[in-house]
1. Among the residues of region 36-52, count how many are more than 19 Å from residue 7 (Cβ to Cβ) and assigned to a loop (DSSP other than H, G, I, E, B).
2. Do we have residue 33 as outside any loop (DSSP other than H, G, I, E, B) and either in contact with a Pro (Cβ under 9 Å, 6 or more places away or on another chain) or small (Gly, Ala, Ser) (or both) here?
3. Whether any residue in region 38-49 is in contact with a His (Cβ under 9 Å, 6 or more places away or on another chain), without any contact (Cβ under 8 Å) to a residue 60 or more places away in the chain, of a type in the set (Val, Ile, Thr) and surrounded by 10 or more Cβ atoms within 10 Å (Cβ to Cβ) is what I want to check.
4. Does residue 63 meet the test of being of a type outside the set (Gly, Ala, Ser), surrounded by fewer than 10 Cβ atoms within 10 Å (Cβ to Cβ) and over 14 Å from the mean Cα position of the chain (by Cα)?
5. Hey, can you tell me all the residues within region 1-30 that are part of a loop (DSSP other than H, G, I, E, B) and either at pLDDT 90 or above or within 23 Å of residue 57 (Cβ to Cβ) (or both)?
6. Based on this model, can you work out whether residue 75 counts as of a type in the set (Asp, Glu), more than 30 Å from residue 10 (Cα to Cα) and surrounded by 10 or more Cβ atoms within 10 Å (Cβ to Cβ)?
Amino acid sequence: AIGLSEAELRAPVEHDGRRGPRYQTIDWIEVEATEPGIVEALAVTDGAYVEPPSVVLATVDPEKLRFRAMGLQADISRFT
């Protein structure tokens, strides 16, 4: 996360007059996508502790979605 090793995240730091591990001082982590898509699901809650290889979020590429349905020929115009 944020370019820090596990040891750096666990290292004690001073924050708000208290001493604790650096990971407890992180308020925000920016995640950049390497592929196009949208977030389909968030698998963790705010403030949760996750361990590798836990899933944090799932994405889907709308260009790769397919829809299959059955309907009457008279209703085809409603699906396009």
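1. Looking only at that region, the number is 8.
2. no
3. There is no residue in region 38-49 that is in contact with a His (Cβ under 9 Å, 6 or more places away or on another chain), without any contact (Cβ under 8 Å) to a residue 60 or more places away in the chain, of a type in the set (Val, Ile, Thr) and surrounded by 10 or more Cβ atoms within 10 Å (Cβ to Cβ).
4. yes
5. Selection gives 1, 2, 3, 4, 5, 11, 17, 26, 27, 28, 29, 30.
6. no
The values are calculated or read from the model by the stated rules, or taken from the named source; none is laboratory data. The structure displayed is predicted, hence computed values, not measured ones. Positions of Cβ are backbone-derived with ideal geometry, glycine not excepted, and every protein chain shown enters the neighbour counts.
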